[in-house]
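Peer 1: Shown below is the structure under consideration.
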Amino acid sequence: MQSSKLNISEIAKLLGVSKSTVSKALNNSHEISDSTKLRIQKFAAKNNYKPNKLAVNLKSGTTKTIGVIIPSIQNNFFAKVLKGIEFVATEADYNIITTISNESYKKEVKSIELLSSGVVDGFILAIAEETQINQNFNHFIETIQQNKPIVMFDRVTKDLICDQVIVDDFKAAYQATLHFVNLKCKTIALVSTIDYLSVGKLRKDGYKKALTEAFGKVDNDLIIVANANNIDVKIMHLLKHKKIDAILALDEDAVLATYKASKFNNYNLDHHMAIIGYASEKIAENLTPSLTTLNQHGERIGRNSAHLLLDKLKNKANISFQKNLIVTTLVERESTKTYTFK
């Protein structure tokens with residue numbers, strides 16, 4: 001018999017029992033005799049019977065699948081988050097379906113609509129760039145109203161009540177700036193290509209707070225905000241006209257532009273300018289000098305997000321929501337270790 005075509009009805013017909021009896025035997029029910037149960041189970045095993053998981057899940061009212069929407073596959077941080085989600089989901093016997101918004105509001109909406117139609121039980125996601133700029137969150141609100149819980153991570157909004165796992169971006173940038181101050185840096189610049197994102201704004205606010213406490217003021221001429229295509233030119237202009245002791249780069253594009261501009265302006269990064277930035281370990285370790293970074297613990301964010309969603313799916317009557325705050329860790333490398341104040 002072809003195992004791929006074997007189903008409960010055929011097993012029942014071949015063994016001369018009811019479909020209900022076969023179902024109970026395969027689910028190890030105590031409602032039928034051990035001899036009947038064993039006979040059916042042996043027959044099913046011999047013929048390589050495989051239950052239809054989709055049918056089983058639909059009967060139980062669950063798909064046992066989580067939808068994950070990430071803004072980009074090029075950002076190593078999201079890859080680490082995804083790894084954490086997958087680890088927890090696999091342990092709980094859940095599958096994940098991952099879609100990529102590519103920072104597009106329309107793609108994000110399409111993914112939500114597609115997966116909400118009986119494909120997944122809930123969502124874990126980071127908001128797309130266009131969505132944060134437009135501030136249109138109706139697709140999320142409608143999803144939650146359909147009893148599909150959402151856990152947001154990293155990029156979140158105050159306009160939506162749901163579970164969230166976020167990095168303490170304000171505190172991270174605040175402490176990074178104070179690290180420069182402790183190195184006796186005076187002119188501390190900030191460069192960013194993500195000022196339109198919630199995380200970018202929080203990091204900039206943390207930087208400003210630290211400078212205000214340390215020096216009593218913030219020099220806005222030292223804040224460079226631009227897109228990835230021209231930020232290096234703006235950094236070059238800054239370094240040409242001002243003596244900069246340190247730069248806090250708020251994202252990977254800003255990091256790479258800072259290194260490019262510094263070398264163009266003949267800054268000695270080994271001793272005369274300190275840099276702290278957000279970048280993957282691989283990039284940080286391969287830069288010269290190696291880059292001091294802020295570890296956001298992406299895998300931990302993924303695991304915490306998955307645990308929050310699974311808890312919500314197990315207890316949908318629970319209307320309370322949690323906000324997990326992940327504290328970053330400063331990983332010091334050559335870009336601050338070798339700095340010499342002059």
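Peer 1: With springs connecting C-alpha atoms under 10 Å apart, model the chain as a Gaussian network and identify which of Ser192, Ser29, Ser320 has the largest mean-square fluctuation.
Peer 2: Judging by the Gaussian network model, the answer is Ser29.
Peer 1: From Cα coordinates alone, what are the radius of gyration and Dmax values for the chain in angstrom?
Peer 2: According to the Cα coordinates of the chain, Rg and Dmax are 26.7, 91 Å.
Peer 1: Using the per-residue mean of other Cβ atoms lying within 10 Å as a proxy for protection, in what order, highest first, do the peptides 21-27, 149-155 fall?
Peer 2: Taking the mean over residues of other Cβ atoms within 10 Å, the ranking is 149-155, 21-27.
Peer 1: Right, another one. With the dipole of the chain worked out from charges on the C-beta (+1 for Lys and Arg, -1 for Asp and Glu) around the Cα centre, which of Gly16, Phe170, Leu190 lies farthest toward the positive end?
Peer 2: Projecting each Cα onto the dipole axis, the largest value belongs to Gly16.
Peer 1: Identify all aspartates and glutamates with a Cα-Cα distance to Lys243 below 15 Å; exclude those on the same chain that are fewer than 8 residues away in sequence.
Peer 2: Lys243 reaches Asp219, Asp221.
Peer 1: Here's another thing I want to ask about it. I want to check the label-to-label distance for Asp93 and Asp311. Put each point 7 Å from Cα in the C-beta direction and report it in nm to one decimal.
Peer 2: So the two model labels end up 2.2 nm from each other.
Peer 1: Work out the length of the dipole vector of the chain about its Cα centre, built from +1 on the beta-carbon of each Lys and Arg and -1 on the beta-carbon of each Asp and Glu, and round it to the nearest 20 debye.
Peer 2: Taking the Cα centre of the chain as origin, the dipole is about 860 debye.
Peer 1: As a test, work out the antiparallel percent of DSSP beta bridges whose residues both lie in the chain, rounded to the nearest 5.
Peer 2: Within the chain, antiparallel bridges account for around 10 percent of the total.
Peer 1: Just flag the trypsin sites (Lys or Arg not before Pro) in region 228-330 sitting in loop per DSSP whose Cβ has no more than 15 other Cβ atoms within 10 Å.
Peer 2: For trypsin sites (Lys or Arg not before Pro) across region 228-330 that sit outside H, G, I, E and B with at most 15 neighbouring Cβ atoms in 10 Å, the list reads Lys242, Lys243, Lys316.
Peer 1: Taking only Cα atoms and a 10 Å spring cutoff, compute GNM fluctuations for the chain and point out the largest among His237, His272, His179.
Peer 2: With Cα springs under 10 Å in the chain, the top fluctuation among His237, His272, His179 is at His237.
Peer 1: Follow-up question, since we're still on this one. Okay, helix-only estimate at 222 nm for the chain: each DSSP H run of n ≥ 4 adds -39500 (n - 2.57), divide by all residues, round to 500 deg cm²/dmol; what do you get?
Peer 2: Estimated from H runs of four or more residues: -14500 deg cm²/dmol.
Peer 1: Sticking with this structure for a sec: Sort 166-178, 217-229 by the packing proxy (mean of other Cβ within 10 Å over each peptide's residues), most packed first.
Peer 2: Averaged packing, sorted descending, gives the order 166-178, 217-229.
Peer 1: Only helices at least 15 Å long along their own axis, judged from Cα atoms, and with Kyte-Doolittle mean hydropathy of -0.5 or greater: name those in the chain from DSSP H.
Peer 2: 76-91, 105-116, 169-182, 231-241, 252-264
Peer 1: With +1 on the Cβ of every Lys and Arg and -1 on the Cβ of every Asp and Glu, and nothing else charged, how large is the dipole of region 77-178 about its Cα centre, in debye rounded to the nearest 20?
Peer 2: In total the dipole reaches around 140 debye.
Peer 1: Using only the alpha carbons, work out the radius of gyration and Dmax of region 3-51 in angstrom.
Peer 2: Cα-based Rg and Dmax for region 3-51 come out at 9.6, 28 Å.
Read-outs throughout are calculated quantities, based only on the coordinates presented, and are distinct from any laboratory measurement. Just so you know, these numbers come straight off a predicted model, no measurement behind them. Please note: Cβ atoms are built from the backbone with ideal geometry, for glycine as well, and neighbour counts cover all protein chains shown.
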